[in-house]
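Here's the structure, in structure tokens; my notes come after.
The values are calculated or read from the model by the stated rules, or taken from the named source; none is laboratory data. Remember, it's a predicted structure, so these values are computed and weren't measured experimentally. Ideal geometry is used to build each Cβ from the backbone, glycine not excepted, and the neighbour counts take in all protein chains shown.
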Amino acid sequence: MSSDAVLRLYLLLDQDDRLYRRVVNAFGSAEEALARPSRAWRRQAGLRLDERYLLRHADWPHGELATALHEQWQATLAWLDEPDHGLWLDGPECGEKGWPAALSRHAARPPLLFLAGNEAALGLPQIAVVGSRAATRHGLALAREISADLARAGFAVTSGLASGIDGAAHEGALSAGGVTLAVLGCGPDLTYPPRHRELAARVIAEGGLVLSEFAPGTPPRGWHFPRRNQVISALSLGVLVVEAGPDSGSIITARAADDMSRPVWAVPGPVHSLQSRGCHELIRHGHARLVESAVDVVSDVLPSLRDWYGACPAGATGVSAMASGRGEPGAVACALRDRLDWQVYSLDELVAGGEQSAGTVMAALGELEVLGWVAAVPGGYQRLPP
């Protein structure tokens, strides 16, 4: 099937993915649909197309009603001719490439995706990290930390390039030298919000991908973002919500993942925080699993990872993957670490329970803290999860 015909029909139908599939199913292909006159479209049982689509089709290519459509079609073809730009098509026309493992398991996947960057990133095992645009400082830091840990474990981090948690997720993955994918609610040649233009450029420059089911030149619209959220969920092994209001787009993304039988995780926050209410609601009603770190996400997703991809990414062979960057402490610190369980110990308790001086214990605690084995918490020190 010609990608030119696919694009022309897709644009003619206002980039309505469901309507596009109905027309293609009715005629067998985009080329066959376009080869039929408007009266054939009108007579086709079950289509019931709006009259404006029939008039545009009849006016193609230079009639008044088709002028803007024809210009966008030509601009889209020109955009696709540029380096590192591509088009992913669903169905037999995508040849041997097929859909990525996660997306292929979603029956309502988009008919096409416009790509800018490293196309190979589309096939990587991905975890979506999403959340509130009006995020707290703590939420932003947590999104960066978890995304960096996921990237170190070999996962690509997928998000929506929005302000707040989305942007922090992309930044966290990039800070760890990882790959991140940004799914847009506008054309792939645009950036929304505009202030993330530099971030989008970094995503591409550092081996990631910017993608959209909307053609170049398509501005952001409110109804685009639920569709973007569906794509984020469909691309990913699961969705992590860091902060979100109860009616936010992040909750839509999480519910879409739940509908696809993908795991959903949520980070709890302070009970009075508006930004955490959506996460608490997901956890309360059993729609999300409570997580505190990337360890929880990795341990949950490993069975799906092996099933869908046949292997784990480098470094993600188990829950211990998240601790793979920790160095082994010296003998004194190692003995102290092995004495600790998950309760909080004061310095006095640690000194009294062993044979080392307070100075030696303090030095060992400092070593363990630097290596990530313990954390200073109110009341003393506590061992961290593996």
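Looking across region 105-126, the residues that are within 23 Å of Ser2 (Cβ to Cβ) and out of contact with any Gly (no Cβ under 6 Å at 6 or more places or on another chain) come down to Arg109, Pro110, Pro111, Leu112, Leu113, Phe114, Ala116, Leu122.
Kindly indicate whether any position in region 21-34 is assigned to a helix (DSSP H, G or I), over 16 Å from Pro111 (Cα atoms) and in contact with a Leu (Cβ under 8 Å, 6 or more places away or on another chain).
Taking every residue of region 21-34 in turn, at least one turns out to be assigned to a helix (DSSP H, G or I), over 16 Å from Pro111 (Cα atoms) and in contact with a Leu (Cβ under 8 Å, 6 or more places away or on another chain).
Residues of region 232-256 being in contact with a helix residue (DSSP H, G or I) (Cβ under 8 Å, 6 or more places away or on another chain) and assigned to a helix (DSSP H, G or I), which ones?
The answer is Ile232, Ser233, Ala234, Leu235, Gly249, Ser250, Ile251, Ile252, Thr253, Ala254, Ala256.
In region 344-357, of all residues being free of Cβ contacts under 8 Å to residues at least 12 places away in the same chain and either exposed (fewer than 12 other Cβ atoms within 10 Å of the Cβ) or polar (S, T, N, Q) (or both), the one that is farthest from Gly379 (Cα to Cα) corresponds to Glu355. In the set (1) at pLDDT below 95; (2) of a type in the set (Lys, Arg); (3) assigned to a helix (DSSP H, G or I), Arg48 fails one condition alone, (3).
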